[in-house]
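Participant: Sharing a structure here in structure tokens format.
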Amino acid sequence: MRFFYVLLFCTLVVGVACAQRPADSTFYRPAAAVPAHLKPIERSYGSYFYGGKRLRSPNSLEIPFNELNDPIVNRHFRTYRTFVLAGQVVALVPLVYVLTRNKGTYTRSGDYWAVYFGSIGATLGLSIIGNSQARKAVTQYNRALAAARFGFSAQPLPGTTQTAFGISLARRL
């Protein structure tokens, strides 16, 4: 009887998994045209520069990233924000430990130091991983700006019934 229930459970899980909606296919659609006013992002000694101006933090990169609207750039930037937020939450663990400990226990115990240094290590690790995701987003952003773009236009000529056709290939350096 137990085998029957396990088999029924597995069948239901597989059935529900197969009946899910397909993944969003917007990632595979061709990208929209890159706005001409966007500038490349430069990185120097841990600082980011956009249009010759130093940005205070990688969070300032959100505006050009959203204007580009590239799914890979947006994914890397969301991952960056997630890791930074997780690092900030982990940094609160020693405070929570101190506030929730028994009143008679000693703060300088081995457990306290393990929580304290573990929190520092986890915060540093999450920050490093998050910053690497921000670097990946900047690299992909600059690649998207530098990519060659092909254009086609058809405009009616004023005063005539003819149409002028044009093609272009643009590449930023």
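The values are calculated or read from the model by the stated rules, or taken from the named source; none is laboratory data. What you are looking at is a predicted structure, and each value in this text was computed from that prediction instead of being measured. Neighbour counts are summed over all protein chains in view; Cβ atoms, including those assigned to glycine, are modelled from backbone coordinates with ideal geometry.
Participant: I need the full set of residues from the stretch 79-111 which are in contact with a helix residue (DSSP H, G or I) (Cβ under 7 Å, 6 or more places away or on another chain) and part of a helix (DSSP H, G or I), in order please.
Facilitator: T79, Y80, F83, V84, A86, G87, V90, A91, V93, P94, Y97, listed by residue number.
Participant: Now a separate question. Considering only residues that are farther than 21 Å from S132 by Cα and either in a helix (DSSP H, G or I) or under 14 Å from the mean Cα position of the chain (by Cα) (or both), which ones fall in the stretch 33-72?
Facilitator: E67
Participant: Only one of (1) part of a helix (DSSP H, G or I); (2) in contact with a helix residue (DSSP H, G or I) (Cβ under 6 Å, 6 or more places away or on another chain); (3) at pLDDT below 85; (4) of a type outside the set (D, E) is not met by A134, so which one is it?
Facilitator: (3)
Participant: From the list I128, I167, I63, I72, which residue is within 30 Å of A36 (Cβ to Cβ), without any contact (Cβ under 8 Å) to a residue 12 or more places away in the chain and among the aliphatic types (A, V, I, L, M)?
Facilitator: It is I63.
Participant: Kindly indicate which of R108, R81 is closer than 30 Å to G51 by Cβ and out of contact with any strand residue (DSSP E or B) (no Cβ under 6 Å at 6 or more places or on another chain).
Facilitator: R81
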